[in-house]
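Notes follow once the structure below has been shown.
The values are calculated or read from the model by the stated rules, or taken from the named source; none is laboratory data. Source: prediction; values computed, not measured. Methodologically, a virtual Cβ is constructed for each residue, glycine included, from the backbone with ideal geometry; neighbour enumeration extends over all protein chains shown.
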Amino acid sequence: MLCVRFFVAMPYLFYLWDLLSSCRKICLLTLILPLACSAQSYDFLLKGGHLIDAKNGLNGNFDIAIQGDRIAAVARSIPKSKAKKVVDATDLYVTPGLIDLHAHLFWGTSEDAYLADSYSSLPPDGFTLQYGVTTAVDAGGAGWRNFEQFKRQTIDKSQTRVKAFLNIVGSGMRGDPDEQDLNDMNPKLAAMIVYQYPEYIVGIKLAHFKGPDWTPVHRAVEAGQWAKIPVMVDFGRAQPTLSIERLFLKELNPGDIFTHCFANALGRESIVDESGTLKPFVTEAIDRGIIMDVGHGGGSFRWNVAAPALKQGMRPQTISTDLHSGSMNKGMKNQLNVMSKLLNLGMSLEEVIEASTWKPAQVVGIDKELGHLSVGALADIAVLRRKEGKFGFIDVAGTRLDGEYKLECELTVLGGEVVWDHNGLASPAWDEVDIPPSPGRPEVQHFIDPPQ
Ligand SMILES: [Zn+2]
C-alpha cells in the first residue's frame with residue numbers, strides 16, 4: 001500500500017526537487033540518506049523461530065533476515081521495521097533448506113527404461129519443495145551417454161536445485177541388461193563428463209550390479225578419483241553376496257557413501273547380524289570416513305535393522321529418500337517422513353536436521369553456499385513444525401512403528417523466494433490489502449466467440 005502511494009506521488013516529488021537550490025539538495029540528502037539506509041534494509045524477515053544450524057552451532061531462538069537471494073543477518077532480535085515483509089515463525093523450527101542426497105529425477109517417456117528417462121523417475125518440484133527440500137541429488141539415473149539429456153529434461157526445467165551422481169554405466173539406470181554391461185562402465189569417459197559439468201555432477205554412482213565381481217566397484221572408485229568426487233554405492237544384488245566389510249574397509253575411500261544402510265534384502269549384506277547386533281566393522285568404517293546414507297526407497301529400510309542399529313549408537317550421517325514412483329506412496333513417502341522415522345527411533349531433532357542439511361552438503365562438496373544459514377549463504381530455508389501426537393510409520397516390509405513426533409513443512413524459501421507456504425504464513429490476509437480484483441491486468445478472456 002505504501003509502495004503504491006509512493007509511486008503515485010513520484011512525479012510531484014520530482015517537481016519539488018527541481019525547485020530546490022543545489023545547496024538545499026545537499027542538505028536534504030545528508031538528512032534523508034542515513035534514514036533511508038537504516039529503514040527496511042531487508043526484503044524478508046523470519047521472526048521468533050527456533051533456528052537449528054549445525055555448521056554455525058546455532059540451536060535456539062534467532063531471527064533471520066534475507067536480502068535478494070542471500071541470508072543477510074542472523075541475530076537474537078532483528079527489528080520488524082528493518083524488513084519489507086515479516087513472517088512470524090513462533091513455535092516453528094527454522095533450518096537450512098533440506099538436501100535429499102538420493103532421489104530419482106530423470107523423468108521421461110522411455111517405456112522400457114527403469115530410472116533413466118522413465119516414468120518411474122519423478123519431476124522434482126512436485127516432491128521436494130512442499131517437504132522443505134530445496135536441493136535434490138539424482139542418484140545415478142544418467143551416465144556419461146545421457147547426462148546432457150538429463151540436464152535438459154530435469155535440471156534446466158526444475159525450480160529445485162538438482163545435482164547428480166553420474167552412473168558409472170554410460171547409459172545410466174535403464175535397467176537390465178544395460179546395468180550389467182561391464183563394457184559400458186568407463187571411468188575416463190565418466191570423469192570427462194564430470195569435468196564438463198562440475199556445477200551439477202557431485203559424485204559417481206554404482207548400483208544394481210548382480211555379478212559376484214568387484215570390477216564395477218573398481219571402475220566407480222577409479223572414476224571418483226579421476227574426477228575428485230565421492231562414490232555412492234548401492235551394493236548390490238550379487239549371489240553369493242559380496243562382503244560389505246571388504247567394501248567399507250578395503251575398496252571405498254574415506255568420503256565415499258554406502259546408501260541403503262538400513263536394508264535387509266536378498267543379495268545385500270545387512271549391517272546387523274541375525275540377532276540384531278551391529279557388526280563391529282560398521283563403527284570402524286564410520287570412523288574411517290565411510291558415509292552411511294539412509295536411501296529409504298521401496299525396498300531398503302527395515303525396522304529390524306534401523307531400530308537395533310540406532311539403539312547400539314549407530315547414526316546415519318545422511319538421511320535421504322531414494323524417491324521414485326515405487327517408494328513415494330509406500331513407507332518412504334517423503335524426506336520429512338524419513339526424518340520423522342529416525343526422530344521416533346531416538347535421533348534428536350538436531351541430528352536429523354544436520355543429517356539432512358549440513359552433512360549432505362559437506363559430503364558432496366556444495367557446502368560453501370548450501371546446508372547452513374551463514375550470512376552471505378544462499379537463502380534456502382525450511383520452516384518446519386514438529387507435531388506431537390500418535391503417528392504410525394511403515395517400513396518396506398509393511399510393518400508399523402508407532403511414534404509421537406511428525407515433522408511437517410510450513411514454509412520453504414529457495415534463493416530468497418517463498419516457493420511453498422502451507423498455511424499462508426508469508427501471505428497477507430485477503431481483507432487487509434488494498435488491491436483491485438484484477439491487479440492492473442485486463443480481464444482474462446476465457447471464451448472464444450464462435451465464428452459468425
Ligand atoms: Zn536409488
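If you go through segment 240-264, how many residues are on the phi > 0 side of the Ramachandran plot and more than 16 Å from the ligand (Cβ to nearest atom)?
The total comes to 1.
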**Request:** Could you figure out which of (1) out of contact with any strand residue (DSSP E or B) (no Cβ under 9 Å at 6 or more places or on another chain); (2) surrounded by 23 or more Cβ atoms within 10 Å (Cβ to Cβ) isn't true of Glu284?
**Result:** (2)
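Yes or no, residue by residue, for (1) farther than 25 Å from Gly371 by Cβ; (2) under 25 Å from the mean Cα position of the chain (by Cα); (3) at pLDDT below 95:
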position: Lys55; (1), (2), (3): no, yes, no
position: Asp63; (1), (2), (3): no, yes, no
position: Val74; (1), (2), (3): no, yes, no
position: Ser81; (1), (2), (3): yes, no, no
position: Asp88; (1), (2), (3): yes, yes, no
position: Leu92; (1), (2), (3): no, yes, no
position: Pro96; (1), (2), (3): no, yes, no
position: Asp112; (1), (2), (3): yes, no, yes
**Message:** When the residues of segment 338-361 are narrowed to those that are within 13 Å of the chain's Cα centre (by Cα) and among the polar types (S, T, N, Q), which ends up farthest from Ala73 (Cα to Cα)?
**Reply:** Ser356
**Request:** Examine segment 312-334 for a residue that is modelled with pLDDT of 95 or more, more than 16 Å from the ligand (Cβ to nearest atom) and outside any loop (DSSP other than H, G, I, E, B), and state whether such a residue exists.
**Result:** no
**Filter result (assigned to a loop (DSSP other than H, G, I, E, B) and surrounded by fewer than 24 Cβ atoms within 10 Å (Cβ to Cβ)) within segment 360-371** = Gly365, Ile366, Asp367, Lys368, Glu369, Leu370
**Val352 vs. criteria crowded, with 24+ Cβ neighbours inside 10 Å, more than 16 Å from the ligand (Cβ to nearest atom), free of Cβ contacts under 8 Å to residues at least 60 places away in the same chain and of a type in the set (Val, Ile, Thr)** = yes
**Asked** Would you pick out the residues in segment 64-101 that are farther than 19 Å from Gly132 by Cβ and crowded, with 20+ Cβ neighbours inside 10 Å?
**Response** Ala65, Ala72, Ile78, Ala83, Val86
**Fill in**
Across (1) in contact (Cβ under 8 Å) with a residue 60 or more places away in the chain; (2) surrounded by fewer than 23 Cβ atoms within 10 Å (Cβ to Cβ); (3) within 16 Å of the ligand (Cβ to nearest atom), Arg268 clears everything bar (1)
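Scan segment 296-311 for residues that are part of a loop (DSSP other than H, G, I, E, B) and away from the ligand (no atom under 14 Å from the Cβ) and report the count.
1
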**Request:** Could you run through segment 126-152 and say how many residues are away from the ligand (no atom under 12 Å from the Cβ) and part of a loop (DSSP other than H, G, I, E, B)?
**Result:** 8
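Matching residues to (1) of a type in the set (S, T, N, Q); (2) at pLDDT below 95:
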position	(1), (2)
Val383	no, no
Phe391	no, no
Thr412	yes, no
Gly424	no, no
Pro436	no, yes
Pro439	no, yes
Glu443	no, yes
**Complete:** When (1) assigned to a helix (DSSP H, G or I); (2) within 16 Å of the ligand (Cβ to nearest atom); (3) not acidic (Asp, Glu) are applied to Arg237, the one that fails is (1)
**Complete:** Residues in segment 373-425 that are among the aliphatic types (A, V, I, L, M), over 30 Å from Ala263 (Cβ atoms) and in a loop (DSSP other than H, G, I, E, B) total 5
**Message:** For segment 260-268, check the following and say yes or no: at least one residue is modelled with pLDDT of 95 or more, in contact with a helix residue (DSSP H, G or I) (Cβ under 8 Å, 6 or more places away or on another chain) and not in a loop (DSSP other than H, G, I, E, B).
**Reply:** yes
**Item:** Selected residue (criterion: surrounded by the most Cβ atoms within 10 Å (Cβ to Cβ)) from residues of segment 195-234 that are outside any helix (DSSP H, G or I) and over 26 Å from the mean Cα position of the chain (by Cα)
**Value:** Phe209
**Request:** Mind listing whichever residues of segment 157-194 are without any contact (Cβ under 8 Å) to a residue 24 or more places away in the chain and part of a helix (DSSP H, G or I)?
**Result:** Asp178, Asn183
**Request:** Could you run through segment 135-160 and say how many residues are of a type in the set (A, V, I, L, M, F, W, C) and touching a His at 6+ places or on another chain (Cβ under 8 Å)?
**Result:** 2
**Positions within segment 199-242 being of a type in the set (Gly, Ala, Ser), over 17 Å from Asp138 (Cα atoms) and at pLDDT below 95, in sequence order** = Gly211, Gly236, Ala238
